[in-house]
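S.K.: First the structure, which I've put down as structure tokens, then a few questions once you've had a look.
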Amino acid sequence: MTKIAKRVFDTLILGAGGAGLRAALQLSQADAQVAVVSKVFPTRSHTVAAQGGVNAALANVSEDNWHWHMYDTIKGSDYLGDQDAIEYMCRAASKLVYELEHYGVPFSRLDNGKIYQRPFGGQSQNFGASQATRTCAAADRTGHAILHTLYQQNIRAKSHFFDEYFAIDLLRDDEGTFLGALVIDIATGEPLVIEAKTTFIATGGCGQLFRTTTNAHINTGDGMAMALRAGVPLQDMEFFQFHPTGIAGKGMLITEGARGEGGYLLNKDGERFMERYAPNVKDLASRDVVSRAIATEVREGRGCGPKGDHVMLQIAHLGADVVKKRLPGIRDLCQTFLHIDPIDTAIPVFPTAHYVMGGIPTDRHGQVVATFHDGPEEVVSGLYAAGECACVSVHGANRLGGNSLLDILVFGRAAGNQIIKHLKEHRYHKPLQEDAIDKAMQRLERWDKKGEGESVATLKAELKQVMENHCSVFRTAVVMQEGVDEIKKIRERLKDARLQDHSRVFNTSRIEALELENLVDISMATMLGALAREESRGAHSRIDFPTRDDKTWMKHSLYHLDGDRLDFKPVRTKPLTVETFPPKERVY
Amino acid sequence: MRFKIYRYNPDTDTEPYMQEVELKETHPGMMLRDALLALKEQDPSLSFRHSCGEGVCGSDGMNINGKNGLSCITPLAELKEPIEIRPLPGRPVIRDLVVDMGDFFDQYRAVKPYQIRKDPQKDVEILQSPIDRDKLDGLYECILCGCCSTACPSFWWNPKRFLGPAALLQSWRFLTDTRDQAEQERLDDLDGPYKLFRCHTIMNCLDVCPKGLSPTSAIGKIKELMLKKAI
């Protein structure tokens, strides 16, 4: 077998979205040797598509503090979030937003020159008493502004990028220490081993599981699947957020900021139906609540359009100035994809697959944690994760809008700091055995097999349809059991799938095949987790188990690839310094 | 719908060629990217970059009936048949519609596209009035798709010496940001006959920008500022 080229770094970062770039910056500024591997040029990462903003209790518009933010996040999580991690995140938020501003993020401004903030769903003053205004925004292009700025600062800090390299698998030694990854250069098809003392997974979400999604083509959960194959479980994968306002039938995201600025939802009777579901905050209830309300309106025959399959989002009353100034991006989207101008016409919307709350289990320092051989939970040596691919868990069963950009900043930075500590304690690289590389290479070489077989595109389309039909906003055991059977069949058929194109140079078919393998493993984690959880909590709504069951189910699920096994661990209900917020009925 | 697509795979082809293909099924509202994905199902070897599908990631710049644009926000219905698709002009082709954007990104990095502060850092935000913030509109929204620079004849001739419209737009984005404190350094960096002054206001850049930005006016403003500083 030909010798594979090797490069050696202190740290390998997989993924160049907000979490990867924030960690890379921390590390480069500390003079660590960082390799950032991304399957797309960094500014193509999906952080770029985040619109509405990032939460921090700056109190620029109205009174606010991190403790209220913490309460809202815990309530929003339907009490499944870990309260120590949530306290940590909410405390750090302001500092990290100011830091971004110093890095150059072009935040919108208030008349007094401070950062503009808008109200978002599920945020309150004084522990639920009144609406807060906590989401810091750069018009409705906040993700774009943050991602580009973080990339720019990494240029300044001279982080080393491997643009358009795709990670095949993680590499580890016999003792279980992670030592880097096997990647391929997409442009040449050549494999490369990147050896590192620490590996940080920041590969983002897996919205490509579903047919209609706000997520980009690249969101295939590569890092989560790599972790699974390396024996690390995935946590809470049954909790998948459906954003209330995706463009109906198409999926493009219309920011929650549209409702934050004063927009509201209407059914076919022109009724502001959210008043019935959330009498206090109406259209600014938590995302899970609003998505269920929309789905219910449509199911009960009050949907709009010839098929009655969506509702309308009205922002016309805000006036042309507000729309142009605060929501220019979604106006563009409406004009491009719907040929309407939201300044005078309502937008057809429907809940659309958006964000996975679950992921690779970590502690609040970004260290991956797992249980091996039924022992207590322990830190996995050399492996870190943050952002959507990880589960700290700060989002629990339902993420609040504006908390994902915060998550990637806080835990990207925290992981960076923890890695710096690790590097100080581990001055030398551990040796990497060749057989670890061989095993990873097999995953790549499997697709060199020629001959007849099903196409990757066919299987991917089927998988996405299965997920949409069997694991959507409302779920039942019967439907999900069918879903599990369907995924098992797809998993078997995937073994006999073949590529038609075996060329080396920029072979996107081969990348898509590897991505599909990742998606199939994650779909099983999602469906099995959802089938097992016999309660309704946050984004997970069971028609057959309509209430939350804190006695049995206030615990995190853990899916192991080996034997499709599930086990559980308790929620961390003890914050760092303040009192626990005990579970209460969730009313908005 | 009929297409003529630029094809070249260095593994199997000795030279590039235009492939004529037909797409049987189209639907209302279909974008060019949807069509290319459908064509890729017919022939999986067709290679092109794409990701977000809504014009924010900047992956899928290509030359569409002679004009640069993003496939994901180009409605099929507006295109004359046969739809001729080529890679972005003037860049080395890696394969099919995928080009090497190395020089383009090198030039972007060359303008120090990051905020430089010399004052000690505060523990709150640097204040900026809404009017000053408005100056960044039309600049910060750039998605680095490369449509402008690869439509610029000056960039075709001097891709290593002329910074090109995308990089210069970013240069002005930081020059005009009231928070940035490196104005003189930035202007000094642009000195000489090539980096900035190879722009001959041909204005292809603003004609093709999928985000409606105008690098030409940004370049004009840099020149104005230079002049002002020189006298």
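S.K.: Could you derive backbone 3J(HN,Hα) for the range A:323-339 from the dihedral phi with the Karplus parameters 6.51, -1.76 and 1.60 (θ = phi - 60°), listing whole Hz in sequence and x where the residue is Gly or Pro?
M.R.: 4, 5, 7, 9, 10, x, x, 6, 5, 3, 4, 5, 5, 6, 9, 10, 6
S.K.: Report, in whole Å, the centroid distance computed from the Cα atoms of the range A:216-287 and the range A:533-588.
M.R.: Distance between centres, Cα-based: 19 Å.
S.K.: How much length would be gained if the chain were fully extended between B:ALA77 and B:TYR194, taking 0.36 nm per residue of separation minus their Cα-Cα distance, in nm to one decimal?
M.R.: Details: separation 117, 0.36 × 117 = 42.12 nm, distance 4.05 nm.
Gain on stretching B:ALA77 to B:TYR194: 38.1 nm.
S.K.: Just the number, please: percent antiparallel of the DSSP beta bridges in chain B, rounded to the nearest 5. Working shown, then result.
M.R.: Numbers: 15 of 18 bridges.
Close to 85 percent.
S.K.: What span do the alpha-carbon atoms of the range A:191-291 cover on each of the three principal axes, reported in whole Å from largest to smallest?
M.R.: Principal-axis extents of the range A:191-291 (Cα, largest first): 59, 26, 23 Å.
S.K.: What ranking of A:HIS69, A:HIS339, A:HIS243 emerges when the number of other C-beta atoms within 10 Å of each C-beta is taken as an exposure proxy, fewest first? Write out the running numbers ahead of the final one.
M.R.: Details: A:HIS69 28, A:HIS339 10, A:HIS243 24.
So the ranking, lowest neighbour count to highest, is A:HIS339, A:HIS243, A:HIS69.
S.K.: Run lengths n ≥ 4 of DSSP H only: what is the helix-derived mean residue ellipticity at 222 nm for chain A, with -39500 (n - 2.57) per run over all residues, to the nearest 500?
M.R.: Details: 16 runs with 204 residues, N = 588.
Calculated from helices alone, the mean residue ellipticity at 222 nm is -11000 deg cm²/dmol.
S.K.: Go through A:LEU192, A:ALA157, A:ALA440 and say which Cα lies farthest out towards the positive end of the charge dipole of chain A; charges sit on Cβ, +1 for Lys and Arg, -1 for Asp and Glu.
M.R.: So the residue furthest toward the plus end is A:ALA157.
S.K.: If you take the square roots of the eigenvalues of the alpha-carbon gyration tensor of the range B:141-204 and sort them as a ≥ b ≥ c, do you get rounded (a/c under 1.5), prolate (a/b over b/c) or oblate?
M.R.: Working: a/c = 2.52, a/b = 1.41, b/c = 1.79.
Oblate.
S.K.: Dipole size in debye (nearest 20) for the range A:244-352 around its Cα centre, Lys and Arg Cβ +1, Asp and Glu Cβ -1? Each step should come with its number before you reach the end.
M.R.: Working: 15 positive and 14 negative charges, 29 e Å.
Computed about the Cα centre, the dipole is about 140 debye.
S.K.: Just the number, please: Stokes-Einstein D of the range A:450-566 in µm²/s, Kirkwood Rh from C-alpha pairs, 10 °C, 1.306 mPa s. Each step should come with its number before you reach the end.
M.R.: Details: Rh = 15.6 Å.
D, rounded to a whole number, is 101 µm²/s.
S.K.: Tell me, which cysteines of chain B are without a disulfide-compatible partner by the Cβ under 4.7 Å rule?
M.R.: B:CYS72, B:CYS142, B:CYS145, B:CYS147, B:CYS152, B:CYS199, B:CYS209
S.K.: Tell me which of A:ALA50, A:VAL8, A:ALA32 sits at the most positive position along the dipole axis of the range A:3-85, charges placed on C-beta atoms (Lys, Arg +1; Asp, Glu -1).
M.R.: A:VAL8
S.K.: Treat every Asp and Glu Cβ in the range A:128-242 as -1 and every Lys and Arg Cβ as +1, leave all other atoms uncharged, and give the resulting dipole magnitude about the Cα centre to the nearest 20 debye. Numbers along the way, then the final one.
M.R.: Details: 8 positive and 13 negative charges, 124 e Å.
It comes to approximately 600 debye.
S.K.: Order of B:GLU125, A:GLU512, A:GLU482, B:GLU20 from fewest to most other C-beta atoms within 10 Å? Before the final figure, lay out each step's value.
M.R.: Details: B:GLU125 23, A:GLU512 18, A:GLU482 15, B:GLU20 10.
Fewest-to-most Cβ neighbours within 10 Å comes out as B:GLU20, A:GLU482, A:GLU512, B:GLU125.
S.K.: Which pairs break 29 Å Cα to Cα here: A:LYS114/B:LYS221; A:LYS325/B:LYS221; A:LYS430/A:LYS460; A:LYS324/B:LYS229; B:LYS40/B:LYS67? Don't skip to the answer; put the middle values down first.
M.R.: Working: A:LYS114/B:LYS221 27 Å; A:LYS325/B:LYS221 23 Å; A:LYS430/A:LYS460 39 Å; A:LYS324/B:LYS229 35 Å; B:LYS40/B:LYS67 22 Å.
Correct reply: A:LYS430/A:LYS460; A:LYS324/B:LYS229.
S.K.: Within a 10 angstrom radius of each residue's Cβ in B:20-29, how many Cβ atoms of other chains show up on average? Whole number is fine. Spell out each step's value before the answer.
M.R.: Values: counts 0, 0, 0, 0, 0, 0, 0, 0, 0, 6.
Across the residues of B:20-29, the mean count of other-chain Cβ atoms within 10 Å is 1.
S.K.: If the viscosity is 0.890 mPa s and the temperature 25 °C, what Stokes-Einstein diffusion coefficient in µm²/s follows for the range A:244-352 when Rh is the Kirkwood radius over Cα pairs?
M.R.: On the way: Rh = 13.6 Å.
The estimated diffusion coefficient comes to 181 µm²/s.
S.K.: Using only Cα atoms, locate the centre of the range B:217-231 and the centre of the range B:125-203, then give the distance between them in Å, rounded to an integer.
M.R.: The range B:217-231 and the range B:125-203 have Cα centres spaced 12 Å from each other.
S.K.: Explain nothing, just the number: dipole magnitude of chain A about its Cα centre with +1 on each Lys and Arg Cβ and -1 on each Asp and Glu Cβ, in debye rounded to the nearest 20.
M.R.: Numbers: 70 positive and 75 negative charges, 189 e Å.
Around 900 debye, computed over chain A.
S.K.: Each residue of the range A:179-186 in order: what ³J(HN,Hα) in whole Hz does its phi give by Karplus 6.51 cos²θ - 1.76 cosθ + 1.60, θ = phi - 60°, with x for Gly and Pro?
M.R.: 10, x, 8, 8, 10, 10, 7, 4
S.K.: Got a sec? How would A:HIS502, B:HIS27, A:HIS217 order by Cβ neighbour count within 10 Å, fewest to most? Kindly include the intermediate steps, with their values, before the conclusion.
M.R.: Values: A:HIS502 17, B:HIS27 9, A:HIS217 24.
Going from sparsest to densest Cβ surroundings: B:HIS27, A:HIS502, A:HIS217.
S.K.: Here are some pairs, A:LYS158/B:LYS4; A:LYS197/A:LYS439; A:LYS282/A:LYS464; A:LYS250/B:LYS24; which of them have Cα atoms lying more than 30 Å apart in this structure? It would help to have the intermediate numbers written out before the result.
M.R.: Values: A:LYS158/B:LYS4 42 Å; A:LYS197/A:LYS439 20 Å; A:LYS282/A:LYS464 32 Å; A:LYS250/B:LYS24 21 Å.
With Cα atoms farther than 30 Å apart: A:LYS158/B:LYS4; A:LYS282/A:LYS464.
S.K.: Here's something else I'd like to know. Just to check I understand the Karplus step: with θ = phi - 60° and J = 6.51 cos²θ - 1.76 cosθ + 1.60, what whole-Hz values come out for the range B:150-166, glycine and proline as x?
M.R.: My calculation for the range B:150-166 gives 7, 9, 9, x, 5, 6, 4, 6, 10, x, 9, 10, 8, 5, x, x, 5 Hz in order.
S.K.: Would you mind putting B:133-140, A:98-105, B:52-59 in packing order, based on average other-beta-carbon counts within 10 Å, highest first? Before the final figure, lay out each step's value.
M.R.: Working: B:133-140: 19.1, A:98-105: 21.9, B:52-59: 26.9.
Per-residue Cβ counts within 10 Å, averaged per peptide and sorted highest first, yield B:52-59, A:98-105, B:133-140.
S.K.: Does the protein assembly as shown come out rounded, prolate or oblate, given a ≥ b ≥ c as the square roots of the eigenvalues of its C-alpha gyration tensor, rounded meaning a/c under 1.5 and, failing that, prolate meaning a/b above b/c? Mind showing how you got there, number by number?
M.R.: Working: a/c = 1.24, a/b = 1.12, b/c = 1.11.
In terms of gyration-tensor shape, rounded.
All of the numbers you see were taken from the coordinates with simple rules; none came from a lab. For clarity, every value in this text was computed on a predicted model and none was experimentally measured. All Cβ positions, even for glycine, are placed from backbone atoms using ideal geometry, and neighbour counts span all protein chains on display.
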